[in-house]
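The values are calculated or read from the model by the stated rules, or taken from the named source; none is laboratory data. Computed from a prediction, not measured in an experiment: that's the story for all the values here. Glycine also receives a Cβ, built like all others from the backbone with ideal geometry; neighbour counts cover every protein chain displayed. Ligands, DNA and RNA are stripped out before the accessible areas are found, and what is left, the full protein with its side chains, is counted by its heavy atoms. Shrake-Rupley method; radii C 1.70, N 1.55, O 1.52, S 1.80 Å.
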Amino acid sequence: MSASPILRAAVIAACSAAVSCTGSHHMLDGAGEHARRVAELWWLMFGVLAVVYVLVCAAIVAAVVRGRRSPADLRMVAASPAQERRMIITVSATVAATAVILFAFLVATYSTSDALSSLARTPADVTIKITGQQWWWDVEYQDPVPSNTVTTANLMHIPVGRTVQLILVSADVIHSFWVPNLAGKKDLIPGHQNTMWLKAERTGRFEGLCGEFCGLQHANMRLTVVVQSEQDYQAWLQSQRLAAAEPSGDLERRGREVFVRGPCVMCHSIRGTDAAGFVAPDLTHVASRPRIGSTVPNTREHLLRWVRDSQEIKPGNRMPPLALSHEDLDAVVAYLETLK
Amino acid sequence: MSTRDQIDVSVLPRFTFGPRGLMWWGVASFLAIESTMLGICLVSYYYLRDRAFEWPLAPTMLPDLLAPTVGLLVLLISVLPMLYTERAAKRLDTAATIRGHVACVAIGLLIIAARVWEFRGLHVGWDTNVYGSVVWIIIGVHSYHLFTEVMETTVLGLLFMLGHTHPKLFVDATDNALYWYFIVIIWVPCYVTLFLVPRLG
Amino acid sequence: MRPAPRGSGPSEPAARTAEEASLHQELQETWSRDPGLRGWLASNDHKDIGRRFIVTALIFFVLGGLLAFLMRLQLAHPNGTVLGPDLYNQIFTMHGTTMMFLFAIPVMEAVGIYLVPLMVGTRAIAFPRLASFSYWIFLFGGVALYTFFFLNIGPDAGWFMYTPLSGPEFSPGKRVDIWSQLINFTEISALSASIELIVTTFKLRAPGMSINRIPLLVWAMLVTSFMVVFAMPSVMTASLFLTTDRLVGTHFYNAAEGGDPLLWQHVFWFFAHPEVYIIFVPATGFVSSILPAFTRRPVFGYTALVLSLIATVFIGFGLWVHHMFATGIPQLGASFFTAATMMIAIPSGIQVFCWIASIWSGNLRLRTPMLFVLGFLFLFVLGGLSGVMQASVPLDLQVHDTYFVVAHFHYVLIGGAVFPLFGALYFWFPKVTGRMPGEKMGKLSFALMFVGFNLTFFPMHVLGLEGMPRRVYTYLPETGWAGENLLATIGAITLATGFLVTLVNAWWSIRHGAPAGENPWDADTLEWTTPSPPPAYNFLHVPVVDSREPGWTRTSASPIVTGVRSDCREVLLTSLDAEPDSLMELPNPSIWPMVTAMAAGTTFVLACFTPWAVPIGTVLGGIGLIGWAWPKSEDDECEPPRVEDMSEQEKKEGAPRVRL
Ligand code: HEA
Ligand code: HEA
Ligand code: CUA
Ligand SMILES: [Cu+2]
């Protein structure tokens, strides 16, 4: 189905930031079955329509050139009946060609849709429930054994080549799940439960962004997807199943005290401690995430700034600034850093 | 000037009834708009009903049937005095037109009274659940039209009584009749939807 | 807003016979508005209204454009610091809302209000007071929206206000309420304007202008008006539901009580998809009107063009779900909407090919309006083709809500509607003002706009493919989106400069442009057979139309209508096949439409705060309407006699019809 390589090269060259064409959120750089098939459909439609566009432009230019016979002459031009007839035939032919092209597109669209929905008929190897919240993703790995359930936020690991089923729900407003390299969007709508299927075809790290405007921090509602080999994935899953490790140092222990005695537990949970809030990201393995608040890289300094006043980093997010003393702050952050 | 063809139109009538005149088209367009709006309310009703497990949503009871049925009958009957009024206006018969308006206003007030009674038999508030919301909005929009139309008929009747017996006013009276018929006809699907469909289970 | 000071040439009809001079005198007295501010406010001359409507809509265009400019500044670099998220969200919502509801729809209606009565050869618009009302309510709506915005209560949930984000729980405060009230203002204005245009086209055409002689712009305005009539009630209902959800606690969009957020999307897009054709179809009318003058031939394929317009309307009502593919619509339903959406490319294709054929077989003059038409062709086709790609469900799931879509709709909105609009502004400028627009500045403006436009919006396609979602107030440096964004910002500056040149051009030409005369471009429709600017009464003699191109075929010996009173505001009504049918007196200018608009405006603003607005508004509006419709004083010799004073013969309507 792929269009000619020349066209392909032309478009890639047209991307002024050629690097980003191969970056981590380019929809034509398919790393999943869905995205790959859509990219093929794209190249087909793009190729045909590029030709159509060039032809139409050529026709306009030709008409202008031919039409400018004697611009100073204001007399009416009377087309001969024969000429009018020729034009009727030409216009009808182009309209017919348009209809044929559209019909071909329709067939291509339906066949792509069918191929994609066949994925839905294969049994899922992994089922993940994703809850969209203002403005973060709650990611919950379903498991028949409840204690094996894994919860993370803004981060999802999946095994390559396996069928992954996503159950999409919303806790507040409409969001849209979108990882361009893997698949198209699907909305998370209050009162509805949507399902989508992913099948990654190569390993790597891919970025996702919320696809539906959801308020103040829609721009910073990111999700990182790590596609791994089956072994790596299992290893990761195992590590995530563990409860939070017992802190070793004094500072860290003090940090845990602050966390479970302080305001944090109202919202957050850390498995293995008394913290069991459920309106905010699960922090059991927060240190293993690439970003804080899906906005800034996960470094000590950013973590410190986040806990001191997350509003400075992600204005409007639902975590209020908390008046912690310097010492408490240091301790909490030190503790969080241990939660690998 | 005498060399050009001229069509002398001074003999044409200076007022006409029905689709020959401007006002009829204005009223017809307005009614197209209002029908579309009520139509969309009704479609929303069915859309919401389709999504619900039971309808009316528990624990809401079915609406009473007696009051709306009486209301519907009175509404249908009201077409008769309106037809009388419209005919009288078309004959430019002042006395009969005034009689017709009085009768229409009287029956209009009766319909409004029936409407109040209907509201009391709905057994649901607009803020109880979405069933209540959509039922109230449909009746509300229709009642608003009903109220406006009775007011308009009253004003027209008063103008006739005050002696504004220009042909234009008679034309207005016939176009007003169009609005009245619309209110009657559009209520039929609303009645079926609101009071019969939920009974189908 | 007054046309150029007269005297130096344009304006007064070239004095003809003494008879005609006295007719002019009498008509002028009958139809002119009263002097002074009161007369200005009360005017119900469709040309006054059309002019102020256009100017107001263009002011909103500039405001919306300045907001876009702020967005572009913010997005020029990653981690931009020009705007915070709260302000950015208000600004993009205000930009979209302004452009769609306060600029694009109103300006199209406005041009219709100005031109349609002239093009069909009548002295006034049907329901002139309603026309005046539709302007004032539009003005008050726009002013109210911007007042709230400057008070930091601007709407901030996007121009399509998805629930539940816009619902009572997630948008407390008044920001969304002012948006839903703005919808009321615009919808009433647009609906009134549509009724006027429909009835004007049906009943006020000059004798002889049968169905197959109606100018294409009038056709376009007619089908647009029908779309408004059947689409606007939908958004009216949607926003009524939203208002009651927010104000009195109904649950239409509340999933917890059985409501459904998707109901909003269906009802909104059932309006908003036709809306884009409400904006686009009049623009096609401009194109079809401009072409004949500059190609020296009638547009090729009149019948095909008319049928395409009608097909667009019908298909246009069956496409709305293509905005909702990502919501999880069942595949079967989605396939239907894909097919329907692709189908609409056929009527558009027919139009494009007919226009190209006209140019091909004509004798082309590349004056400014024509340049805008050519620019339109290049840009609209590109935007249309990207639209066809989005019709494909799997593809749309990728590009939906990215900058690819932003690129698509600016190509069709600016390329497809604003370029023809600017062409139209240049084309009818001499008719409206009596003076020619500057040609050099016009060409310069076109060049800047064309280049600037492509610089701004072409890179957005690429941004979309690279995964940039729309409605983000910022992005991270590592995304690699910086280059295209900077380019887009530079393009936007060029584009804005292009607009600015046209504004300066208009400013200058109103004062110093060469006098235009009746028909400076030698165009083919009726408005070019009357002086520029047209007198208050439009036509000295109501014409009898005997061809599709009266502007080219009429001479001083062409047939005319006599017997329409010149001492009264009387117009000739014709039947559907344009036979003279009856005469009717239209109402005088009146201040009441403005008063009623004020009453309605107060009601809408109050309705942001309390449901008591409904009864208060009913009373206020009732007072306004009674003043508006109050019968004229007793002894008006324009009115037919009272029925008591009529003979039985007179009462029997159906005086002999006049045959052509
Ligand atoms: C003037 C306004 C205008 C016009 C005319 C159009 C015209 C079209 N639009 Fe567009 N559209 C918008 C304004 C407009 N649109 C807006 C504002 C939005 C976004 C709203 C929002 O989300 O904020 C939108 C969004 C939008 C979407 C949803 C995207 C998404 O959110 O995911 C889709 C999807 O199908 C679509 C499709 C089309 C199609 C198929 C046409 C067709 O009518 C185009 C037909 C024309 C041609 C195809 C070119 C001429 C034809 C030929 C030269 C013949 C040869 C052609 C072929 C062989 C194909 N549009
Ligand atoms: C007819 C409709 C129309 C028009 C004409 C425009 C015109 C422009 N639009 Fe937009 N746009 C929309 C309709 C329109 N738009 C809609 C419906 C949306 C969706 C909103 C939503 O998501 O809710 C949108 C969204 C939108 C976005 C996406 C925002 C986001 O998703 O975050 C952007 C981003 O660049 C943008 C840019 C522009 C620019 C640069 C122009 C330029 O063409 C404007 C240029 C004009 C001027 C600048 C004013 C005139 C010039 C002067 C007076 C000269 C002097 C001024 C200066 C030198 C600054 N528009
Ligand atoms: Cu969540 Cu946008
Ligand atoms: Cu659409």
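When you check residue C:472 against the structure, is it away from ligand 4 (no atom under 16 Å from the Cβ), open to solvent by less than 50 Å² (accessible area, probe 1.4 Å) and outside any helix (DSSP H, G or I), yes or no? The answer is yes for residue C:472. Which one of these does residue A:151 not meet: (1) in a strand (DSSP E or B); (2) modelled with pLDDT of 95 or more? Among (1) in a strand (DSSP E or B); (2) modelled with pLDDT of 95 or more, the lone unmet condition for residue A:151 is (2). Of all the criteria given as (1) open to solvent by 30 Å² or more (accessible area, probe 1.4 Å); (2) part of a helix (DSSP H, G or I), the one not satisfied by residue B:36 is (1). Here segment C:398-417 is the region considered, the condition is being open to solvent by less than 10 Å² (accessible area, probe 1.4 Å) and away from ligand 3 (no atom under 16 Å from the Cβ), and the residue that is nearest to the other protein chains (Cβ to nearest Cβ) is C:398. One residue stands out among those in segment C:136-173 that are free of Cβ contacts under 8 Å to residues at least 12 places away in the same chain, hydrophobic (A, V, I, L, M, F, W, C) and away from chain A (no Cβ under 14 Å): the one that is surrounded by the most Cβ atoms within 10 Å (Cβ to Cβ), which is C:143. From the list C:326, C:272, C:334, C:311, the one residue that fits, being part of a helix (DSSP H, G or I) and under 30 Å from residue A:86 (Cα atoms), is C:311. Working only within segment C:355-402, note down all residues that are within 16 Å of ligand 2 (Cβ to nearest atom) and touching a His at 6+ places or on another chain (Cβ under 8 Å). Matches in segment C:355-402: C:383, C:386, C:387, C:390. Output the number of residues of segment B:99-121 satisfying the condition of being of a type outside the set (Phe, Trp, Tyr) and open to solvent by 40 Å² or more (accessible area, probe 1.4 Å). Total satisfying the criteria: 10.
Can you report the number of residues in segment B:20-33 which are within 30 Å of residue B:138 (Cβ to Cβ) and open to solvent by 40 Å² or more (accessible area, probe 1.4 Å)?
So the answer is 4.
Considering (1) in contact with a Ser or Thr (Cβ under 6 Å, 6 or more places away or on another chain); (2) under 25 Å from residue C:314 (Cβ atoms); (3) in contact (Cβ under 8 Å) with a residue 12 or more places away in the chain; (4) not charged (D, E, K, R), the lone condition that residue C:359 does not fulfil carries the number (2). Looking at A:188, A:182, A:168, A:209, just one residue is open to solvent by 10 Å² or more (accessible area, probe 1.4 Å) and either within 16 Å of ligand 4 (Cβ to nearest atom) or in contact (Cβ under 8 Å) with a residue 24 or more places away in the chain (or both), and that residue is A:209.
Remark: residue C:554 falls outside the filter, which requires a residue to be under 22 Å from residue C:116 (Cβ atoms), away from chain B (no Cβ under 14 Å) and open to solvent by 40 Å² or more (accessible area, probe 1.4 Å). Set side by side, the residues A:300, A:254, A:289 differ, and just one is modelled with pLDDT of 90 or more, surrounded by fewer than 18 Cβ atoms within 10 Å (Cβ to Cβ) and basic (Lys, Arg), which is A:300.
Here's the yes/no breakdown for (1) in a helix (DSSP H, G or I); (2) not polar (S, T, N, Q):
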site	(1), (2)
C:535	no, yes
C:565	no, yes
C:568	no, yes
C:590	no, no
C:602	yes, no
C:623	yes, yes
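The conditions of being charged (D, E, K, R) and within 12 Å of chain C (Cβ to nearest Cβ) are met by residue A:207.
Checking C:244, C:224, C:250 one by one, the residue that is closer than 14 Å to residue B:134 by Cα, away from chain A (no Cβ under 14 Å) and either surrounded by fewer than 24 Cβ atoms within 10 Å (Cβ to Cβ) or within 30 Å of the chain's Cα centre (by Cα) (or both) is C:244 and no other.
What are the residues in segment C:460-469 that are without any contact (Cβ under 8 Å) to a residue 40 or more places away in the chain and open to solvent by less than 10 Å² (accessible area, probe 1.4 Å), if any? Listed by number, the list holds a single entry, C:466. Exactly one residue among C:39, C:65 is among the small types (Gly, Ala, Ser) and more than 14 Å from ligand 2 (Cβ to nearest atom), and that residue is C:39. Among all positions in segment A:82-94, there is at least one residue which is loosely packed, with under 12 Cβ neighbours inside 10 Å, within 16 Å of ligand 1 (Cβ to nearest atom) and not basic (Lys, Arg). Residue C:110 falls short on exactly one of the conditions (1) within 16 Å of the chain's Cα centre (by Cα); (2) free of Cβ contacts under 8 Å to residues at least 60 places away in the same chain, and that condition is (2). Go through segment C:520-548 residue by residue and tally those that are crowded, with 19+ Cβ neighbours inside 10 Å and acidic (Asp, Glu). Adding up the residues that qualify gives 2.
Answer yes if at least one residue in segment C:377-392 is open to solvent by 10 Å² or more (accessible area, probe 1.4 Å), more than 7 Å from chain A (Cβ to nearest Cβ), within 19 Å of residue C:286 (Cβ to Cβ) and not hydrophobic (A, V, I, L, M, F, W, C), and no otherwise. Yes, that holds for at least one residue.
Each row is one residue, and each column tells you yes or no for (1) within 16 Å of ligand 4 (Cβ to nearest atom); (2) open to solvent by 10 Å² or more (accessible area, probe 1.4 Å); (3) over 20 Å from the mean Cα position of the chain (by Cα).
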site: C:272; (1), (2), (3): yes, no, no
site: C:278; (1), (2), (3): yes, no, no
site: C:286; (1), (2), (3): no, no, no
site: C:290; (1), (2), (3): no, no, no
site: C:294; (1), (2), (3): no, no, yes
site: C:297; (1), (2), (3): no, yes, yes
site: C:301; (1), (2), (3): no, yes, yes
site: C:317; (1), (2), (3): yes, yes, no
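Applying the condition of being without any contact (Cβ under 8 Å) to a residue 60 or more places away in the chain and touching a Pro at 6+ places or on another chain (Cβ under 7 Å) to segment C:484-515 and asking which residue is surrounded by the most Cβ atoms within 10 Å (Cβ to Cβ) yields C:484. Regarding residue C:207, is this residue facing another protein chain (nearest Cβ under 10 Å) and in contact (Cβ under 8 Å) with a residue 24 or more places away in the chain? Yes. Just one of (1) at pLDDT 90 or above; (2) open to solvent by 70 Å² or more (accessible area, probe 1.4 Å); (3) of a type in the set (A, V, I, L, M, F, W, C); (4) in a loop (DSSP other than H, G, I, E, B) fails for residue A:100. It is (4). Restricting C:299, C:321, C:228, C:281 to residues that are in contact (Cβ under 8 Å) with a residue 24 or more places away in the chain, within 15 Å of ligand 1 (Cβ to nearest atom), of a type in the set (Val, Ile, Thr) and closer than 20 Å to residue C:372 by Cα narrows the list to C:281. All of C:449, C:441 fail the test of being more than 16 Å from ligand 1 (Cβ to nearest atom), more than 10 Å from chain A (Cβ to nearest Cβ) and buried (at least 24 other Cβ atoms within 10 Å of the Cβ), apart from C:449.
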